[in-house]
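Here the structure is laid out as structure tokens; the discussion comes afterwards.
The values are calculated or read from the model by the stated rules, or taken from the named source; none is laboratory data. This structure is a prediction, so every number in the text was calculated from the model and none was measured. Here the Cβ positions follow ideal geometry from the backbone for every residue, glycine too, while neighbour counts run over all protein chains shown.
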Amino acid sequence: MGIPQIRIVQGIGGARATALLAEVTSIDINDGDKPKPGTLKFGLNKEYRKNDAVLEEFDSLGALPDLPNVTSISVSYVSRFSLSGIEKFPKLTDLHFWHVDHLEGVEVIRECRGLQRLALSGVELDDLSSLGSHPDLRSLGVVWRPKSLKGIENFPSLEMLRTQPCDDISPLLSVSTERNAAVSVNSYMDSSFCGEVIVLGFTPRD
């Protein structure tokens, strides 16, 4: 279903419509996987640039009605997108942006305190501190090259960080000492990151 169909269901209202919207647990935009129960899918995962205008009417999460049981949102291959409206999804644990040229309103991620997995593209920040504190965050991917890993201390449950090479890793060393954790490092080329990606894994020391 697309946004117009969702609006029709919302407009009709009643117990049936409420029950239908309550069944939605994930949203995929431009994801090529087959339909899954509870997943609301928009767009197609085709070659970038040829289809970046497919979702002209859908440029923010605010375009959706309240979907209180959504736990996962994935957005790929759009030129511009806004996080405005993310408060409609209070149970959100997974938020992923890939191949997004420009992501607006990233500061609202501070309010998503239940996130466990987060991937961001289309935004460039000097460090990780502006993302706020996320006590349950286990996986973080940042598709840009931060100047510093400052702010990594705000993710006490972090198990894996994927990012481009960074100049200042001293916050990482401090966190690994405080957590008594060993840090594994893996480096490889990844088209999603437009170059070299560094994967940091945290493992508790014996």
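Just a few scattered comments:
- Scanning the stretch 74-85 for residues that are farther than 15 Å from residue 108 by Cα, of a type in the set (A, V, I, L, M, F, W, C) and modelled with pLDDT of 85 or more yields a total of 1.
- Under the condition of being within 22 Å of residue 77 (Cα to Cα) and either part of a helix (DSSP H, G or I) or not charged (D, E, K, R) (or both), the residues counted in the stretch 116-132 number 7.
- Some residue of the stretch 181-191 being in a helix (DSSP H, G or I) and without any contact (Cβ under 8 Å) to a residue 60 or more places away in the chain: yes
- Some residue of the stretch 93-112 being within 21 Å of residue 30 (Cβ to Cβ) and not assigned by TED's automatic domain parsing to the domain that holds residue 31: no
- Inter-residue pairs, beta-carbon under 8 Å, first surrounded by fewer than 16 Cβ atoms within 10 Å (Cβ to Cβ) and in the stretch 132-151, second part of a loop (DSSP other than H, G, I, E, B) and of a type in the set (Lys, Arg), 6+ apart: 133/113; 135/113; 136/113
- Hits in the stretch 57-114 - residues which are acidic (Asp, Glu) and either without any contact (Cβ under 8 Å) to a residue 24 or more places away in the chain or under 23 Å from residue 144 (Cβ atoms) (or both): 59, 94, 101, 104, 107, 111
- Flag if residue 92 is assigned to a strand (DSSP E or B), in contact with a Gly (Cβ under 7 Å, 6 or more places away or on another chain) and modelled with pLDDT of 90 or more: no
- The sole residue among 175, 197, 185 that is loosely packed, with under 14 Cβ neighbours inside 10 Å, outside the structural domain of residue 31 (by TED's automatic domain parsing) and among the hydrophobic types (A, V, I, L, M, F, W, C) is 185.
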